[in-house]
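*Asks:* Mind looking over this structure? Questions follow.
Derivation of every value follows stated rules applied to the coordinates shown; laboratory data play no part. Note that the structure is a prediction, hence the values are computed from the model and not measured. Neighbour counts are summed over all protein chains in view; Cβ atoms, including those assigned to glycine, are modelled from backbone coordinates with ideal geometry.
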Amino acid sequence: MFSINFLNVDIPKQKNLEIALSFIYGIGRKKAIFICKKLGFNSKSKFGLLNEKALKNLSGFIDFYFIHGYTLKRLKRQRLDFLVKIKTYRGTRLVSGLLVRGQKSRNKKLRKYF
């Protein structure tokens, strides 16, 4: 399968534009449809059919209006680290690997934060 590296994500050429954009961390199907409508692309067209100018326009729009990829992951990690640092209830539960948002832990698999 051939793929295109777009915003540091390998996206298959044969995917619809709507689905191809949802490969990017932080962009789901609804945001992908919104982006396609805003830029005037058909969301059902193939990602591999876009030319260089369209890809540049698309990447510029996404970079300007959305937080995505590694930046979003880093931001989420910083927020969790802040909760741990100020020793909130959620932070202590995260460090302990317990459930954070009031779920019952009877049949849940517990995860470690670190």
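*Asks:* Give the lysines reachable from residue 85 as a straight Cα distance under 29 Å; neighbours fewer than 8 places away on the same chain don't count.
*Replies:* Partners found: 73, 76, 104, 108, 109, 112.
*Asks:* Same structure again: Kindly provide the Kirkwood hydrodynamic radius of the range 3-66 in Å, to one decimal, from all pairs of distinct alpha carbon atoms.
*Replies:* Averaging 1/r across every pair of different Cα atoms and inverting gives 11.4 Å.
*Asks:* Using the reciprocal of the averaged 1/r over all distinct C-alpha pairs, how large is the Kirkwood radius of the chain in Å?
*Replies:* Answer for the chain: a Kirkwood hydrodynamic radius of 16.5 Å.
*Asks:* A follow-up question, please. Excluding residue 90 itself, what net charge comes from residues whose Cβ is under 11 Å from its Cβ, given Lys and Arg +1 and Asp and Glu -1?
*Replies:* The answer is +4.
*Asks:* Oh, and also: To make sure I understand the rule: partners must be lysines, Cα under 22 Å from the Cα of residue 13, and not fewer than 8 residues away in the same chain. Which ones qualify?
*Replies:* Within the straight-line limit of under 22 Å, residue 13 reaches these lysines: 30, 31, 37, 38, 44, 46, 53, 56.
*Asks:* Here's another thing I want to ask about it. So if R0 is 25 Å, what FRET efficiency would residue 56 and residue 2 give, r being the distance between their Cβ atoms, rounded to the nearest 0.05?
*Replies:* 0.80
*Asks:* Return the tail of the calculated pair distribution for the range 42-103, meaning the percent of Cα-Cα pairs more than 17 Å apart.
*Replies:* 61
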